[in-house]
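The values are calculated or read from the model by the stated rules, or taken from the named source; none is laboratory data. Every value quoted in this text rests on a predicted model; they were computed, and no experiment measured them. Neighbour counts run over all protein chains shown; Cβ positions are idealised from the backbone, glycine included.
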Amino acid sequence: DGGITQSPKYLFRKEGQNVTLSCEQNLNHDAMYWYRQDPGQGLRLIYYSQIVNDFQKGDIAEGYSVSREKKESFPLTVTSAQKNPTAFYLCASRWSGIYNEQFFGPGTRLTVL
Amino acid sequence: KQEVTQIPAALSVPEGENLVLNCSFTDSAIYNLQWFRQDPGKGLTSLLLIQSSQREQTSGRLNASLDKSSGRSTLYIAASQPGDSATYLCAVLISNTGNQFYFGTGTSLTVIP
């Protein structure tokens, strides 16, 4: 059953804590993405990776970090430096190439207490 | 910077009506445009992808068109059903940044039985 999984579905963080959101895909896609979605705003790109051990900052990378040690996994860490982390986080993947679709996971809702 | 706009932000129609959703983008140098559907609290589901060289794509009751020169795309939904109620988002892959997609803020559609 191919797809993209994200865990956990809901995550609560105390101020000052780092938390890591998981994203795994078994579609053999080489490119993976992290987006943040806030009410009334479009999805904004945090980081993306086109190959293992390489990743690029998106428009809102400050306060976030990623790693890409395996093709199928692209975890996102929300650090204490991110001042307003409460949001819905979406992971996506696709085959590289300009005409290939993006596919999305179910999302993780992060709330700062 | 590419800006993607979707108007209206919300739309309510009676069941059975045909409808058109709009997506505008400021930079016509795009590789492709993708339409998505998002249900509340869920990830995005890909509906259609139009390559920059194409004028339209069809899938079932959905038809998407692309006019690069005017920076516009439309998503036509025929014979709307209550199950079509969701938020519809468009995203463009622009040419000069390789793998970065830019998203609109979406149109929230309600189909009234």
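Answer yes or no as to whether B:SER24 is part of a strand (DSSP E or B), away from chain A (no Cβ under 11 Å), under 12 Å from the mean Cα position of the chain (by Cα) and closer than 26 Å to A:ILE60 by Cα.
yes
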Item checked: Number of the exception - B:ARG37 against (1) closer than 20 Å to A:TYR35 by Cβ; (2) at the interface with chain A (Cβ under 10 Å from one of its Cβ atoms) -> (2)
Notebook entry, point to check: Quick one: which of A:THR20, A:THR79 is β-branched (Val, Ile, Thr), in contact with a Gly (Cβ under 8 Å, 6 or more places away or on another chain) and surrounded by fewer than 21 Cβ atoms within 10 Å (Cβ to Cβ)?
Noted result: A:THR79
Notebook entry, point to check: Is one or more of the residues making up the range A:90-98 out of contact with any Leu (no Cβ under 9 Å at 6 or more places or on another chain), not hydrophobic (A, V, I, L, M, F, W, C) and not in a loop (DSSP other than H, G, I, E, B)?
Noted result: no
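Yes/no per residue for (1) closer than 14 Å to A:PHE104 by Cβ; (2) in a strand (DSSP E or B); (3) modelled with pLDDT of 95 or more:
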{"position": "A:GLY2", "(1), (2), (3)": "yes, no, no"}
{"position": "A:THR5", "(1), (2), (3)": "yes, yes, yes"}
{"position": "A:PHE12", "(1), (2), (3)": "no, yes, no"}
{"position": "A:GLU15", "(1), (2), (3)": "no, no, no"}
{"position": "A:SER22", "(1), (2), (3)": "no, yes, yes"}
{"position": "A:MET32", "(1), (2), (3)": "yes, yes, yes"}
{"position": "A:PRO39", "(1), (2), (3)": "no, no, no"}
{"position": "A:TYR47", "(1), (2), (3)": "no, yes, yes"}
Item checked: Unmet requirement for A:GLY97, which otherwise passes all of (1) within 13 Å of chain B (Cβ to nearest Cβ); (2) surrounded by 15 or more Cβ atoms within 10 Å (Cβ to Cβ); (3) among the small types (Gly, Ala, Ser) -> (2)
Margin query: For B:SER28, only one of the following conditions fails: (1) farther than 21 Å from A:ASP38 by Cβ; (2) modelled with pLDDT of 95 or more; (3) small (Gly, Ala, Ser). What is its number?
Written below: (2)
Notebook entry, point to check: Taking the range B:69-105, which residues are among the hydrophobic types (A, V, I, L, M, F, W, C), under 10 Å from the mean Cα position of the chain (by Cα) and facing chain A (nearest Cβ under 10 Å)?
Noted result: B:LEU89, B:CYS90, B:ALA91, B:PHE103
Check: Consider A:THR77 against the criteria (1) within 18 Å of A:ARG13 (Cβ to Cβ); (2) in a loop (DSSP other than H, G, I, E, B); (3) of a type in the set (Ser, Thr, Tyr): it satisfies all of them except one. Which criterion is unmet?
Finding: (2)
Notebook entry, point to check: Which of (1) within 11 Å of another protein chain (Cβ to nearest Cβ); (2) within 18 Å of A:LEU110 (Cβ to Cβ); (3) assigned to a loop (DSSP other than H, G, I, E, B); (4) not small (Gly, Ala, Ser) does A:ASP59 not meet, given it meets every other one?
Noted result: (2)
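Being within 10 Å of chain A (Cβ to nearest Cβ) and modelled with pLDDT of 95 or more is true for just one of B:LEU19, B:LEU44, B:LEU66. Which residue is that?
Numbers: B:LEU19 fails: within 10 Å of chain A (Cβ to nearest Cβ); B:LEU66 fails: within 10 Å of chain A (Cβ to nearest Cβ).
So the residue among B:LEU19, B:LEU44, B:LEU66 that is within 10 Å of chain A (Cβ to nearest Cβ) and modelled with pLDDT of 95 or more is B:LEU44.
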Checklist line | Odd one out for A:ASN53 among (1) more than 27 Å from B:VAL4 (Cβ to Cβ); (2) surrounded by 14 or more Cβ atoms within 10 Å (Cβ to Cβ); (3) free of Cβ contacts under 8 Å to residues at least 60 places away in the same chain; (4) not basic (Lys, Arg) | finding: (2)
